[in-house]
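Presented below is the structure to which this report refers.
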Amino acid sequence: MRIKAGDFDLHYDDHGAGTPVVWIHGFPLSSKLFTAQHAIGGYRHIFPDLPGFGESPAPEREMTIDDYARAVLALLDALRINSAFFAGVSMGGYICFAIARQAPHRVKGVILIDTKETSDSDEARQGRYKSVDAVADKGVGVVVEQMLPKMLTEKTRAANSELNETVRTMMAGSSREGVIQALRAMAVRPDSAAVLRELEVPVLIVVGENDPITPPADGERMKSLARNAELVKVPNAAHLSNMEQPEAVNEAIARFLERTAADPL
Ligand code: MLT
């Protein structure tokens with residue numbers, strides 16, 4: 001479905017009924033990242049394609065992580081959803097922190113998957129700007145080839161080439177402008193430790209044991225910062241743990257939602 005969400009033109013999917021859960025994908029991916037999570041029954045699942053990714057067009061201006069958060073909140077306004085659980089993978093997690101900073105009253109709980117609360121180091125920021133130049137010059141394929149080997153474990157890539165191709169196709173479908181905007185936005189994102197510390201709602205942290213981008217140490221640090229967090233480490237999973245080990249991840253998320261969704265906000 002397509003909707004005008006504030007300044008943004010967003011494609012999204014809307015499945016099920018019950019307490020809303022908003023699923024925010026990572027970079028450079030799309031809402032298809034969460035295909036396996038459709039199976040978590042008993043909730044209303046909202047799956048937006050962020051501006052410039054999947055089927056959502058890129059806005060004609062610079063973006064910040066706060067702008068992506070505004071786009072997601074405007075989508076909820078358009079759907080007349082006041083509050084929800086927010087689940088984010090990697091860049092989606094950065095956006096969950098921005099949502100919690102902008103509109104804490106709209107957050108019933110947060111599910112942080114393969115992400116981290118820190119900002120970029122100077123070195124990482126320089127790497128982003130190099131990638132911006134490379135993508136502007138040669139297209140999104142540069143980022144796809146750089147990131148693809150880190151998304152799934154080597155074992156899964158060898159045993160399930162179809163899943164690896166699904167990830168590659170999803171990444172390659174991102175628009176050049178969308179990828180450049182997101183790289184610049186991530187480069188200047190703020191540190192979110194204070195947001196995490198101040199979150200009063202329950203937090204679930206999920207991390208692939210073999211995630212080379214946001215390793216388990218990031219999950220452990222986030223757990224120690226949060227007031228009310230549970231940490232689940234997923235064996236045999238790299239950066240896209242929810243795609244690589246959907247049963248284990250869905251079970252952890254379903255348990256978390258069952259335990260916390262009935263609590264009044
Ligand atoms: C992602 O998966 O969203 C990216 O790895 C995040 C990042 O590059 O920091």
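With a threshold of 32 Å on the Cα-Cα distance, the over-threshold entries among 4/223; 138/223; 32/155; 108/155; 130/155; 4/233 are 4/223; 138/223; 108/155; 4/233. With a Förster radius of 30 Å applied to the C-beta separation of residue 200 and residue 247, the computed FRET efficiency comes to 0.45. When only Cα pairs below 8 angstrom with a gap of at least 6 residues are kept, segment 1-122 shows a relative contact order of 27 percent.
Count neighbours as other Cβ atoms within 10 Å of each site's Cβ, and list the trypsin sites (Lys or Arg not before Pro) in segment 1-62 that are DSSP loop with at most 15 such neighbours. Those satisfying the criteria are 61.
Whose amide H sits under 5 Å from the amide H of residue 24, counting only residues 5 or more places off or on another chain, with H placed in the peptide plane? Amide H neighbours of residue 24, under 5 Å, 5+ apart: 87, 88, 89. How much net charge surrounds residue 237 when only the other residues with a Cβ under 15 Å from the Cβ of residue 237 are counted, with Lys and Arg +1 and Asp and Glu -1? Net of charged neighbours comes to -4. Compute the distance from the alpha-carbon center of segment 119-181 to that of segment 198-215, in whole Å. So the separation of the two Cα centres works out to 21 Å.
One decimal place: the segment residue 39-residue 262 gains 78.3 nm when fully extended, by the rule 0.36 nm per residue minus the C-alpha distance. Taken one residue at a time, the phi angles of segment 64-75 give Karplus couplings (6.51, -1.76, 1.60, θ = phi - 60°) of 10, 4, 4, 5, 5, 4, 4, 4, 5, 5, 5, 4 Hz. Gly and Pro are set to x. Under the criterion of Cα pairs below 8 Å and six or more residues apart, the relative contact order for the chain equals 21 percent.
Compared with the direct C-alpha span, the chain from residue 62 to residue 148 gains 28.4 nm at full extension, assuming 0.36 nm per residue. Entry note, the chain: the mean residue ellipticity at 222 nm calculated from DSSP H runs of n ≥ 4, each adding -39500 (n - 2.57), is -13500 deg cm²/dmol after division by the residues and rounding to the nearest 500. Legend: calculated FRET efficiency, residue 159 to residue 254, from the Cβ-Cβ distance at R0 = 22 Å, rounded to 0.05, equals 0.30. Given R₀ = 25 Å, FRET efficiency for residue 176-residue 103 by Cβ-Cβ distance, to 0.05? About 0.25, to the nearest 0.05.
Phi angles of segment 108-122 translate, via the Karplus equation with coefficients 6.51, -1.76, 1.60 and θ = phi - 60°, into HN-Hα couplings of 8, x, 10, 10, 9, 10, 6, 9, 7, 9, 6, 8, 6, 6, 4 Hz per residue; Gly and Pro are given as x. Considering only alpha-carbon pairs that sit under 8 angstrom and 6 or more positions apart, the relative contact order computed for segment 1-61 is 39 percent. If the chain linking residue 14 and residue 227 were pulled fully straight, counting 0.36 nm for each residue of separation and taking away their Cα-Cα distance, it would gain 73.6 nm.
Readers should treat all values here as calculations from the given coordinates under stated rules, not as data from a laboratory. Just so we're clear, the structure is a prediction, and the values are computed from it rather than from any experiment. No Cβ is skipped: glycine too gets one built from the backbone with ideal geometry, and neighbour counts run over all protein chains shown.
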